[in-house]
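Nothing in this text is a laboratory measurement; each read-out follows from the coordinates by a stated rule. Quick caveat: nothing in here was measured; it's all calculated off a predicted structure. Virtual Cβ from ideal backbone geometry, glycine too; neighbours counted across all protein chains shown.
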Amino acid sequence: MKKVGKAYGFFDCNASKEVIESELPTIRKIVQTPSKLELSLIEDVDNLKGDNDLMSIAREAKESGIKYIIEATYSGATNKETADEVVAILNQAYQSPLYQDGEQFCRAVFYKELGKYVSRE
């Protein structure tokens, strides 16, 4: 059975979903993300689907004002490796035109390890 890593990046950004999606190819190129890494940008935490533990994390994120989620899947990688890629993407996003100078950056990345979601700092 082929392994597929999965991770979730919760973040806030004042840009629209369309603007973020248009910037993602540039961000991916800069951080040299593998072509096998698939990303889905979800606007509004309520649109995320997942198990009870993930939905609990999503509710906390929403209460904190988080607006977006990047759901990442990475064929042939572990969940942690997938989370590492999401962290690189979100950190680069903060250096992109999506954020104004001095704008607050809030992000959290989670992946499942041994049956529980853990935060990737």
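Please state which one of LYS2, LYS6 is touching a residue at least 24 places away in the same chain (Cβ under 8 Å), over 20 Å from PHE110 (Cβ atoms) and not in a helix (DSSP H, G or I).
LYS2
Output the residues belonging to the stretch 27-38 that are surrounded by 12 or more Cβ atoms within 10 Å (Cβ to Cβ) and in a helix (DSSP H, G or I).
ILE27, ARG28, ILE30, VAL31 - these are the residues of the stretch 27-38 that are surrounded by 12 or more Cβ atoms within 10 Å (Cβ to Cβ) and in a helix (DSSP H, G or I).
Quick one: how many residues across the stretch 79-121 are in a helix (DSSP H, G or I) and either among the polar types (S, T, N, Q) or farther than 16 Å from ILE27 by Cβ (or both)?
7
Can you name the number of the only condition in (1) closer than 15 Å to VAL109 by Cα; (2) in a loop (DSSP other than H, G, I, E, B); (3) not hydrophobic (A, V, I, L, M, F, W, C) that LYS49 fails?
Tallying (1) closer than 15 Å to VAL109 by Cα; (2) in a loop (DSSP other than H, G, I, E, B); (3) not hydrophobic (A, V, I, L, M, F, W, C), LYS49 fails exactly one: (1).
List every residue pair whose Cβ atoms lie under 6 Å apart, where the two residues are 6 or more positions apart in sequence or sit on different chains, the first residue falls within the stretch 16-36 and is without any contact (Cβ under 8 Å) to a residue 40 or more places away in the chain, and the second residue, located anywhere, is among the hydrophobic types (A, V, I, L, M, F, W, C) and surrounded by 13 or more Cβ atoms within 10 Å (Cβ to Cβ).
Partner pairs satisfying both residue conditions: GLU21/LEU41.
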